[in-house]
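Worksheet: one structure, shown below.
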Amino acid sequence: MLETVKLEQRWKDDYLDLLNYAKQIGDAQWQNEIIQTLSKSALYMQQTILEYQISQLWHQFDAVNKKMLELYRQLRETDNVYVSSRLIEEVWGLKLQRVEIGKQLNATYHR
C-alpha cells in the first residue's frame with residue numbers, strides 16, 4: 001500500500017511540474033489538458049496501479065517458472081531417490097504457486 005501512495009504522489013508531482021512548465025512557456029491549451037488530467041487523477045491512478053500489479057504478478061510468474069526449470073534440470077541430473085523425491089515436492093509446490101498467480105492475473109484482468 002505504501003508503494004501505491006508513493007506512486008500516486010510521484011504521478012501528481014510530475015503533472016504539477018508539467019503544469020508549472022506549461023504556465024512558464026505560456027501554453028494555455030497544454031495547461032488545460034494537464035488540469036483535465038489532474039481532475040481525473042483517481043481514474044489514471046487506478047489504471048496505473050492495475051498495470052503495476054499485473055507487472056508484479058508476471059514477474060512472480062516468471063520467477064516461479066525459472067525456479068521450476070532449475071529444479072527440472074536438477075531432477076534430470078540426479079540418481080539419488082531421496083533428492084529426486086524432494087525436488088518433485090518442490091516442483092509441485094511451485095506449480096501450485098503458479099496456479100495461484102494465474103488466478104490472481106485472471107482476476108486482475110477481469111476487473
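The values are calculated or read from the model by the stated rules, or taken from the named source; none is laboratory data. Predicted model, so just to flag it, every value in this text is computed and none were measured. Counting neighbours? That spans all protein chains shown, and the Cβs are built from the backbone with ideal geometry, glycine included. These area figures cover heavy atoms from the full protein model, side chains too; ligands, DNA and RNA do not enter into them. Shrake-Rupley method; radii C 1.70, N 1.55, O 1.52, S 1.80 Å.
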Taking θ as phi - 60°, what are the ³J(HN,Hα) couplings along region 100-107 by the Karplus curve (6.51, -1.76, 1.60), each to the nearest whole Hz, with x for Gly and Pro?
-> 4, 5, x, 5, 5, 4, 4, 5
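If you roll a 1.4 Å probe over the chain with all protein chains in place, what percent of the accessible area is carbon or sulfur?
Working: 4570 of 8410 Å².
Within the chain, the accessible surface is 54 percent carbon and sulfur.
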Out of these labelled values of Rg and Dmax of the Cα atoms in Å, (1) 22.9, 75; (2) 13.0, 42; (3) 20.8, 68, which was calculated from the coordinates shown here?
-> (1)
Per the 1/(1 + (r/R0)^6) rule, R0 = 35 Å and r from the Cβ atoms of residue 72 and residue 109, FRET efficiency to 0.05 is 0.80
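With runs of 4+ DSSP H residues as the only contributors, calculate the mean residue ellipticity of the chain at 222 nm using -39,500 (n - 2.57) per run, divided by the residue total and rounded to the nearest 500. Don't skip to the answer; put the middle values down first.
Working: 4 runs with 102 residues, N = 111.
Here the helix-only value at 222 nm equals -32500 deg cm²/dmol.
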Heavy-atom surface of region 1-103, accessible at 1.4 Å and reported per residue (Å²) | 75
What does the charge count near residue 103 come to, summing +1 for each Lys or Arg and -1 for each Asp or Glu among other residues with Cβ under 14 Å from its Cβ?
-> +2
Which distance in nm do the two modelled labels at residue 85 and residue 17 give, with both placed 7 Å along the Cα-to-Cβ direction?
-> 5.9
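For every other residue with a beta carbon closer than 11 angstrom to the beta carbon of residue 46, add +1 if it is Lys or Arg and -1 if Asp or Glu, then tell me the sum.
Details: positive: 40, 111; negative: 8, 51.
In short, 0.
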How about residue 95: which aspartates and glutamates have a C-alpha closer than 18 Å to its C-alpha, ignoring those fewer than 8 places off in the same chain?
-> 62, 70
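Pairs of alpha-carbon atoms within less than 8 angstrom and 6+ residues apart define the contacts here; what relative contact order does the chain have, in percent? Intermediate values should be presented prior to the final figure.
Numbers: 43 pairs, mean separation 26.0, N = 111.
It rounds to 23 percent for the chain.
Within a Cβ distance under 14 Å of residue 90, other residues only, what is the Lys/Arg minus Asp/Glu net charge? Don't jump to the answer; show the numbers that get you there.
On the way: positive: 66, 67, 73, 86, 95, 98; negative: 70, 89.
Net local charge, residue 90 excluded: +4.
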